[in-house]
Amino acid sequence: MKIMDIADKEVTFYEIDVTDSQAVDIIFRNYKIDGVIHFAGLKAVGESVEKPLEYYYNNIVSTMVLIKACKKYGVNRFVFSSSATVYGDNKVPFVETMDLLPTTNPYGETKAMSERILTDIVNANPAFSVSILRYFNPVGAHKSGQIGEAPNGIPNNLMPFITQVAKGKLEKLRVFGDDYPTVDGTGVRDYIHVVDLAEGHVAALENLTAGIHVYNLGTGKGTSVLELVKAFEEANDIEVPYDIVARRPGDIASCYADASKAEQELGWKAKRNLVAMCRDSWRFEKNFKG
Ligand code: UFG
């Protein structure tokens, strides 16, 4: 509904389980599909450690069911949501040509495995065009304030935690560690506005050629936890109280992209800055009745 309002277009929606090959088959049979963007993944790192079977089953089987349907119905264009987590604890900035290091949780492993599965499938089927998009840290919301991030329960990720503290839903942010080898000791990440990320998918689909292609979708800029808190406070003129606590297990010090390949090959570059990310995240949270 909200997507139709924002886009001013009719959107056909089927609520199905993408691991259900019969349900997927019916859709492929009934439509002439130009391309597939596969977003249907479970994505919480901590939860994946508790529920590895659900994560491996959902994230791997869904990829295989979809690509199998693509093969059966002659759909050659496929865009896959991957994650910067596949780089492991590599040297920043992360570049697509780097050797990947081990992932630290089942969620990350499902992304690394899906990338390998897709690579093997493309190598065996040269007609396929697959774009693997490695997301850095998506934040922000649509500027209408209508769609944004509304995690179930207590948020795992930094930005929704910050917005909920600002709203008074949570008392204080806990900053996980201030002894990393970074600008101020807190973790550094490459935050990217979710609308820039969405535009990256459009660019990937429009520029897709045969073969397997891997792109970082990030801004190329690293921001520490405390820098993000300060940017949020300044952009929205609101306080975000915090405490420094111990490091969170599995976190790395720094993660940011070399974003030049997507710019050169897709003509795509993130355009929205940290102020826009902070304002849009806050607008959504303020409007959200949940
Ligand atoms: N952080 C806090 N307090 C919080 C939450 C996070 O200090 O309450 C810190 C983290 O320690 C980290 C930074 O904020 O330094 C970002 O943490 P997030 O949980 O928001 O994001 P991550 O970088 O840990 O993980 C994200 C996605 C994963 C993906 C990964 C890829 O959530 O799905 O990026 O690098 F795998």
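Here, each number is a calculation from the coordinates, and none is a lab measurement. All figures in this text were calculated on a predicted structure; none of them were measured in a lab. No Cβ is skipped: glycine too gets one built from the backbone with ideal geometry, and neighbour counts run over all protein chains shown.
Note on the chain: with a GNM built from Cα contacts shorter than 10 Å, the maximum mean-square fluctuation among ASN125, ASN58, ASN152 falls on ASN152. For the peptides 108-115, 23-30, the ranking by packing is 108-115, 23-30, with the highest mean count of neighbouring Cβ atoms within 10 Å listed first.
Rank PHE13, PHE80, PHE94 by mean-square fluctuation in a GNM of the chain with C-alpha springs under 10 angstrom and give only the top-ranked residue. The residue with the greatest mean-square fluctuation here is PHE13.
Only bridges with both residues in the chain count here: give the DSSP antiparallel percent, nearest 5.
Of all bridge pairs located within the chain, approximately 5 percent are antiparallel.
For the residues ILE252, ILE154, ILE132, a GNM of the chain with alpha-carbon springs under 10 Å puts the largest fluctuation on ILE154.
Hey, what D do you get for segment 64-196 in µm²/s if you plug the Kirkwood alpha-carbon radius into Stokes-Einstein at 10 °C and 1.306 mPa s? Diffusion coefficient, whole number: 90 µm²/s. Computed over the chain, the convex hull of the alpha-carbon atoms projects to a mean area of 15.1 nm². Straightening the chain between ASP20 and LYS91 buys 21.6 nm, computed as 0.36 nm per residue apart minus the Cα-Cα spacing.
Quick one: compute the contact order of the chain, relative version, from alpha carbon pairs under 8 angstrom and 6+ residues apart, as a percent. Don't skip to the answer; put the middle values down first.
Details: 517 pairs, mean separation 60.0, N = 290.
Worked out over the chain, it gives 21 percent.
For segment 97-135 and segment 145-206, what is the separation of their Cα centres, given in Å? Cα centroid to Cα centroid, the span is 24 Å. Rounded to whole Å, give me the distance from the Cα center of segment 249-290 to that of segment 223-247. Each part reduced to its Cα centre gives a spacing of 16 Å.
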